[in-house]
Amino acid sequence: MTVKPGATRSRLDPEPMPRRDVLGLLSLWSMATALLFATVGMFRLPKAAVLASPSKKFRVALPDTLAAGEPFVPPGRAVAIYRDPEGVYAISTICTHLGCIVHATTQGFECPCHGSGFTASGEVTRGPAPRALDWLQVSTSGGLVTVDEGVTVPSGTRVPV
Ligand code: FES
């Protein structure tokens, strides 16, 4: 609708916006959006890009029915825990060849990857594993067993219950 020169415009009929102003507003909105995304991205940078790994030290209660020489493997852990008349001990179930998880049996350990075999105390009976399985540090308190997967101890080390 055109307005005659000299006539007052109605508030319901605003003056049309020039194309130059529309383009100027669009560029301002683009800059504001870019600045917003840059700011959000800046706050995301300091976060670590990896997940924290679980602690190597854990505490577990041994089952009351655990027989001497029978392995107890806590869920989600690469450790076999044993109890015998001399005490409690833990053997790592990480194969010393290439790091597969060995299966604990009542006779010893079997590696499913390349066939290495180990005795119940972790000594190698069949290669290609180059050395025995690691024995891990164990402590007991309040009926619970604490195992530190990051600390090895000499083979045969037991903690009295
Ligand atoms: S990883 Fe166990 S035998 Fe190779």
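The values are calculated or read from the model by the stated rules, or taken from the named source; none is laboratory data. Please read all numbers here as calculations on a predicted model, not as lab measurements. Note: ideal-geometry Cβ built from the backbone for every residue, glycine included; neighbour counts use all protein chains shown. When the accessible area is computed, the model is the full protein with side chains, heavy atoms only, and any ligands, DNA or RNA have been set aside. Shrake-Rupley method; radii C 1.70, N 1.55, O 1.52, S 1.80 Å.
Scanning the stretch 29-42 for residues that are open to solvent by 100 Å² or more (accessible area, probe 1.4 Å) and at pLDDT 85 or above turns up Trp29, Met31, Leu35, Leu36, Phe37. For the residues Leu23, Leu45, Leu51, the requirement of being open to solvent by 60 Å² or more (accessible area, probe 1.4 Å), farther than 30 Å from Arg158 by Cα, modelled with pLDDT of 90 or more and not aromatic (Phe, Trp, Tyr) singles out Leu23. Suppose we keep only residues that are outside any strand (DSSP E or B) and free of Cβ contacts under 8 Å to residues at least 24 places away in the same chain within the stretch 140-154. Which one would you say is nearest to Thr96 (Cα to Cα)? Here the answer is Pro154. Select from the stretch 53-75 the residues that are in contact (Cβ under 8 Å) with a residue 12 or more places away in the chain and among the small types (Gly, Ala, Ser) and write down the one among them that is farthest from the ligand (Cβ to nearest atom). Going through the qualifying residues, I end up with Ala61. Scanning the stretch 86-117 for residues that are within 13 Å of the ligand (Cβ to nearest atom), closer than 18 Å to Pro154 by Cβ and open to solvent by 60 Å² or more (accessible area, probe 1.4 Å) gives a single hit, Ile94. The single residue among Ala67, Ala120 that is among the small types (Gly, Ala, Ser), under 20 Å from Pro160 (Cβ atoms) and touching a strand residue (DSSP E or B) at 6+ places or on another chain (Cβ under 6 Å) turns out to be Ala120. Filter the stretch 67-85 down to the residues that are under 20 Å from Ser53 (Cα atoms) and surrounded by fewer than 13 Cβ atoms within 10 Å (Cβ to Cβ) and list them by number. Once the filter is applied, which keeps residues that are under 20 Å from Ser53 (Cα atoms) and surrounded by fewer than 13 Cβ atoms within 10 Å (Cβ to Cβ), the stretch 67-85 yields Pro75, Gly76. Whether a residue is away from the ligand (no atom under 12 Å from the Cβ) and more than 20 Å from Leu62 (Cα to Cα) was assessed, and Val79 does not pass this test. Which of the residues belonging to the stretch 145-161 are open to solvent by less than 60 Å² (accessible area, probe 1.4 Å) and more than 23 Å from the chain's Cα centre (by Cα)? Answer for the stretch 145-161, where residues must be open to solvent by less than 60 Å² (accessible area, probe 1.4 Å) and more than 23 Å from the chain's Cα centre (by Cα): Val153, Gly156, Thr157, Val159. Scanning the stretch 118-139 for residues that are closer than 20 Å to Thr157 by Cβ and either near the ligand (Cβ under 9 Å from one of its atoms) or not in a strand (DSSP E or B) (or both) gives Ala120, Ser121, Gly122, Glu123, Arg131, Ala132, Leu133, Asp134.
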